[in-house]
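Colleague: Below is one structure. I have some questions about it.
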Amino acid sequence: AVCGSNAQTGTAANPITIKAENERQAIIQGDGLDNAVNIQNCSYWNLDGLRIQNQDNSSNTTSSGNVLSVNNSYNGTYRRLLLRNPNRYGNTGVIHPVNNSSNNLFEEIEVLYFHRNGYDTASNGAAFNRLRRVYFNPQSAKSGAPYQGPNDCLVFYWHDDSTTEDN
């Protein structure tokens, strides 16, 4: 979703909400060529109860095979998600808030089967994001992965004033 192009941005009074009717049974499956879900230039977007996953794809060895990328987006709420399987051919992770993404809440999420990072930021301007009750388990995804990453749960590159609790 690119707000201002193919999607609308929300407001505090009228957020954009995508919620599974049956928690974690609504699956968004990426092909490994890009991020499975990309929220870009959006404010007040809420994802609730979804299962989002990507897959290995040898055609993409870049850093764009993440599971959930939040790019230049603000005031989002990402809750009760099951996130797994970034493309193991690239330098990819599961939750990837970048480029000025701030004031987002990531809460009650399971982050599974990753070879690089469970949560990572990679550019200036990411700030005031909150992670609460996020469970990280790489589940041996590094074994046999073409790109060998560190299996770090939380990585804050150029990230200011954010909070993690009960993870």
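Colleague: Determine the order of D48, D166 by accessible area, beginning with the largest, at a probe radius of 1.4 Å.
Modeller: Sorted descending by solvent-accessible area, the residues read D166, D48.
Colleague: I've got another one for you. With the cut-off at 21 Å, report for segment 1-78 the share of all Cα pairs above it, as a whole percent.
Modeller: Roughly 31 percent, once rounded to a whole number.
Colleague: Report the FRET efficiency, 1/(1 + (r/R0)^6), for E165 and N137, where r is their Cβ-Cβ distance and R0 is 22 Å, rounded to 0.05.
Modeller: It comes out at approximately 0.75.
Colleague: Additional query: Can you give the accessible area of W158, probe radius 1.4 Å, in Å² rounded to 10?
Modeller: Taking all protein chains as shown, W158 has close to 150 Å².
Colleague: Order F136, F128, F106, most accessible first, counting only protein heavy atoms with a 1.4 angstrom probe.
Modeller: Largest to smallest exposure gives the sequence F128, F136, F106.
Colleague: For segment 102-143, what does the convex hull of the Cα positions come to per residue, in cubic angstrom?
Modeller: 46
Colleague: Compute the distance in nm between two label points, each set 7 Å from the Cα along the Cα-to-Cβ direction, one at T77 and one at F156.
Modeller: 2.3
Colleague: Across bins of 5 angstrom width beginning at 0, how are the C-alpha pair distances of segment 69-160 distributed, in whole percent?
Modeller: 3, 16, 26, 24, 19, 9, 3, 0
Colleague: Still on this model: Consider the candidate values (1) 43, 37, 30; (2) 53, 43, 33; (3) 47, 32, 30; state which one is Cα extents along the principal axes in Å computed from the structure displayed.
Modeller: So the structure-derived entry is (3).
Colleague: Separate question: With every protein chain left in place, what is the accessible area of S140 in Å² (1.4 Å probe, nearest 10)?
Modeller: Looks like 90 Å² after rounding.
Colleague: Could you list, by residue number, the cysteines of the chain that have no other cysteine's beta carbon within less than 4.7 Å of their beta carbon?
Modeller: C153
Colleague: Ok, one more. Run the dipole for the chain about the Cα centre, Lys and Arg Cβ at +1, Asp and Glu Cβ at -1, nothing else charged, and hand back the magnitude in debye, nearest 20.
Modeller: Dipole size: approximately 200 debye.
Colleague: Could you order D120, D161 by accessible surface area, starting with the largest, using a probe radius of 1.4 Å?
Modeller: D161, D120
Colleague: I've got another one for you. Assuming R0 = 35 Å, can you tell me the calculated FRET efficiency for the pair S123 and N22, based on Cβ-Cβ distance, to the nearest 0.05?
Modeller: Computed FRET efficiency for S123 and N22 comes out at 0.50.
The values are calculated or read from the model by the stated rules, or taken from the named source; none is laboratory data. Since we're looking at a predicted model, the values are computed, not measured. Every residue, glycine as well, gets a Cβ built from its backbone with ideal geometry; the counts of neighbours run over all protein chains shown. Note: accessible area is taken over every heavy atom of the protein model, side chains too, but ligands, DNA and RNA are not part of it. Shrake-Rupley method; radii C 1.70, N 1.55, O 1.52, S 1.80 Å.
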